Structure formats: C-alpha cells, structure tokens
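Inspection log for the structure reproduced underneath, given as structure tokens.
The values are calculated or read from the model by the stated rules, or taken from the named source; none is laboratory data. Everything numeric here is computed off the predicted structure, so don't read it as measured data. We place every Cβ from the backbone using ideal geometry, glycine too, and count neighbours over all the protein chains shown.
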Amino acid sequence: MLLTVKMKLHPTEDQHQKLLRTMERFNEACNYVSEFAWRNRIFNKVELQKNLYYDIRGTFNLSSQMVVRLVGKVSESYLADRSCYHEFKPHGAVIYDQRILTIKTLDTCSILTLEGREMVSMSYGRYQPLDLKRVKGQADLALIKNQFYLLIVVDVPEEPQIEPEEIIGVDLGIANIATTSTGETFSGQKCTESRKRYTRIKADLQSVGTWDAKKHLKKLSGKERRFKNDTNHCISKQIVAEAKGTHSGIALEDLTGIRDRTPGYKALAAAIGKWAFYEIAMYIRYKAHMAGIPVYLVDPHYTSQQCSHCGYTSRENRKTQSDFFCIKCGHTDNADINAAKNIASRADVNQPIALRPEPKRSGRWKGKPTALAVGS
C-alpha cells in the first residue's frame with residue numbers, strides 16, 4: 001500500500017531562503033506554462049514540453065528535470081479541470097523526484113535549489129519505522145506556516161487478507177463518533193465541545209477584527225483539525241486492533257453523499273458539516289487493509305430504525321437518540337449498538353454463501369431489511 005509520510009525539514013536560514021526562492025520561481029514558471037496552455041488549449045504534457053521546454057529553461061533558469069516536473073504539474077491540473085484558467089500560488093508545492101532529491105538517511109536529504117544542491121536535515125514522527133528502500137516515485141516540497149515539509153510516498157507492506165470468522169459492524173455518528181456491534185462506544189462529546197468552543201472563539205475574534213485578533217485567529221488555525229485527526233486515528237486504530245484480535249472483518253455504512261441528504265436544520269447541518277466521518281472511515285479502511293482485514297460497505301438506509309433482533313423497521317422503534325425499543329417484538333438495546341449490529345448483519349447477507357462467516361451471535365437477525373412501516 002502506498003502511504004504519504006510527512007517529513008519536517010530543518011534548514012538553516014540561508015537554506016530556507018534558497019528553498020523559498022526555488023519554490024517561487026517554480027510556481028512562476030507554472031503560471032507561464034498555464035497561460036500558454038489555456039490560451040492555446042494545449043493540455044497534453046508532451047505537447048507542452050515540446051513547445052515550452054527551452055523557453056522555460058532560458059527564462060527561469062531552472063534545471064531540466066524541474067522543467068519536466070512543473071510541466072507535468074500544470075498538465076495534471078488541467079486534466080482534472082479544463083473549465084477555467086489555473087493560477088498557481090507563489091508558495092504552491094514543488095514536485096521533486098529521484099533525480100533532484102536524494103534521501104541520504106532518515107535525518108538528511110540532498111535537495112536541488114536554484115543555487116545547486118543543499119544537504120538539509122529533517123525529521124518525522126517515528127510512530128512507525130520507515131524503510132528508505134520503500135520510498136517510491138516523486139515527493140512534494142510544501143510550505144506550511146513558514147515551515148518546509150517533504151511529502152514522501154512510501155510503499156508499506158501489507159499482511160495477507162484473512163478469512164473472517166465474524167464481522168464487526170461500525171456505526172458512525174455525532175453523539176458517539178463510532179459504535180461497534182460488540183458494544184464498544186467512542187464518545188463524540190469532546191469533539192462536539194471542541195467544535196463549539198473553537199466556533200465561539202473564532203466568531204468573537206472575527207467580530208473584533210483587530211491586528212491582535214487576526215494574529216490569534218492564525219494561531220488557532222488548524223488546532224481543531226489536528227485534534228480531530230488525532231482522535232480519528234486513535235479510534236480507527238482501536239477498532240482495527242479489535243478486529244485483528246478476534247479474526248473479524250469490518251462493516252461500514254456507505255455514506256457517500258450524506259451531506260446532500262442532511263435535513264435543513266442549522267445546528268444539525270453545522271455539526272454534520274464539521275464531522276470528519278469520511279476521514280475516520282478512510283482511516284479504518286487503510287489500517288484494516290494493511291492488517292489484512294476485509295472491509296465491507298453496506299447500504300446505510302434505516303439501520304437506526306431497524307430491529308437487529310427481528311428485522312422490523314419503523315421510525316417508532318427509535319424512541320430517543322440513545323434508546324431503541326422494537327414495537328413489534330419488544331427488543332431493547334442501545335440505539336447505536338443496534339444500528340452497528342444491523343450493519344454487521346447486512347455485510348453477512350451480502351457475502352457469497354461460501355465466504356459468509358458463521359455468526360457467533362446466534363440470536364442476531366440475518367435477513368434483508370423489511371419495508372418501512374406504513375404511517376411511521
């Protein structure tokens with residue numbers, strides 16, 4: 001599996017200025033190519049390089065490989081969207097490859113600038129060992145809050161996929177970020193409190209509008225994002241660890257397009273708009289893939305209204321956010337755990353008979369969803 005590792009560079013002040021000038025020159029040349037591409041409606045990388053290679057080298061004094069990389073950057077941006085002219089910011093990422101960037105050790109790299117190569121020290125969060133032999137393809141030099149980072153693509157080995165003995169359903173939500181069909185609950189209270197606190201602070205600072213307020217806003221920028229990112233990493237890691245320890249697969253709701261289905265209530269829309277449900281699902285999927293654990297996506301409709309015991313579906317079953325009571329069979333459960341069990345059951349049903357795991361929870365309903373109750 002290909003993953004991106006974020007390496008923090010520690011250049012001297014002189015090296016920092018050299019990298020900054022290189023980045024600005026690179027993006028200035030990108031705008032030159034972009035203007036030509038848009039004006040002449042030429043977006044193919046080979047054609048752009050054929051037309052502009054020598055002009056770029058003579059005008060911007062860039063190395064041949066840097067010219068190749070910047071032409072590729074412009075071409076790829078137009079391949080994604082040709083509806084408008086693309087302007088590149090002065091401090092946009094610079095694309096490097098093995099010819100103009102060499103990682104010597106985990107602490108140093110040789111990187112090309114306008115003035116030649118520079119040996120720059122670097123570091124990264126060593127939560128996972130990094131094998132330099134697994135570094136693949138190109139790397140991006142990014143400037144984030146006046147700090148340079150290298151975004152390096154690494155080929156991480158995967159474990160062989162298991163044949164699951166059971167499936168753990170995972171229900172994602174707002175009150176509880178994640179709930180598993182085995183009864184594990186990860187509360188979303190801290191994330192909700194963090195979101196409300198940062199929203200309130202930002203609103204107050206924006207209403208003031210002074211220089212100090214703007215400086216404070218800049219300092220706050222990214223804090224909430226980093227907090228959520230760390231929380232989602234921790235939760236997804238625990239869920240995958242449970243699945244691996246019990247030799248189970250993982251079932252998730254296919255939440256594609258959930259923002260478009262959000263009811264028009266301002267508070268709920270704000271909560272869902274800032275809920276990183278896609279991120280935590282992505283973390284679970286890639287961590288499970290690395291561990292050899294299969295992940296199944298199921299239809300999310302009515303998982304919170306359907307009884308995991310008898311399969312009866314009605315809005316009346318969900319009395320409150322946390323309580324589930326089936327009006328047909330009388331089954332009671334925590335609402336999120338009930339939904340997680342339904343997700344696991346749907347993953348069971350969707351598997352071919354030869355691959356379907358034999359459920360250990362014999363009392364769990366294993367049929368298809370029933371029609372929504374009339375008048376409910």
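What to note about this one:
- Of everything in the range 38-64 that is of a type in the set (Ser, Thr, Tyr) and touching a residue at least 12 places away in the same chain (Cβ under 8 Å), the residue that is surrounded by the fewest Cβ atoms within 10 Å (Cβ to Cβ) is Thr59.
- Checking Ile284, Ile239, Ile235, Ile250 one by one, the residue that is modelled with pLDDT of 75 or more and touching a Leu at 6+ places or on another chain (Cβ under 8 Å) is Ile284 and no other.
- Test result for Glu159, exposed (fewer than 15 other Cβ atoms within 10 Å of the Cβ) and in contact (Cβ under 8 Å) with a residue 40 or more places away in the chain: yes
- Residue list for the range 319-341, filter: surrounded by fewer than 16 Cβ atoms within 10 Å (Cβ to Cβ) and either in contact with a His (Cβ under 6 Å, 6 or more places away or on another chain) or in a loop (DSSP other than H, G, I, E, B) (or both): Lys319, Thr320, Gln321, Ser322, Ile327, Cys329, Gly330
- Of the residues making up the range 148-188, those that are out of contact with any strand residue (DSSP E or B) (no Cβ under 9 Å at 6 or more places or on another chain) and more than 20 Å from Ala291 (Cα to Cα) number 1.
- When the test is whether a residue is among the aliphatic types (A, V, I, L, M), out of contact with any Phe, Trp or Tyr (no Cβ under 6 Å at 6 or more places or on another chain) and assigned to a strand (DSSP E or B), Leu205 does not pass it.
- Sub-9 Å Cβ pairs linking a first residue in the range 204-220 that is free of Cβ contacts under 8 Å to residues at least 12 places away in the same chain to a second residue that is hydroxyl-bearing (Ser, Thr, Tyr), at least 6 apart or interchain, are Ala213/Ser207, ordered by first then second residue.
- Listed conditions (1) charged (D, E, K, R); (2) in contact (Cβ under 8 Å) with a residue 40 or more places away in the chain; (3) within 18 Å of Gly137 (Cβ to Cβ) are all met by Glu76, apart from (2).
- Selection within the range 48-92 - closer than 12 Å to Ser34 by Cα, part of a loop (DSSP other than H, G, I, E, B) and not charged (D, E, K, R): Cys84, Tyr85, His86, Phe88
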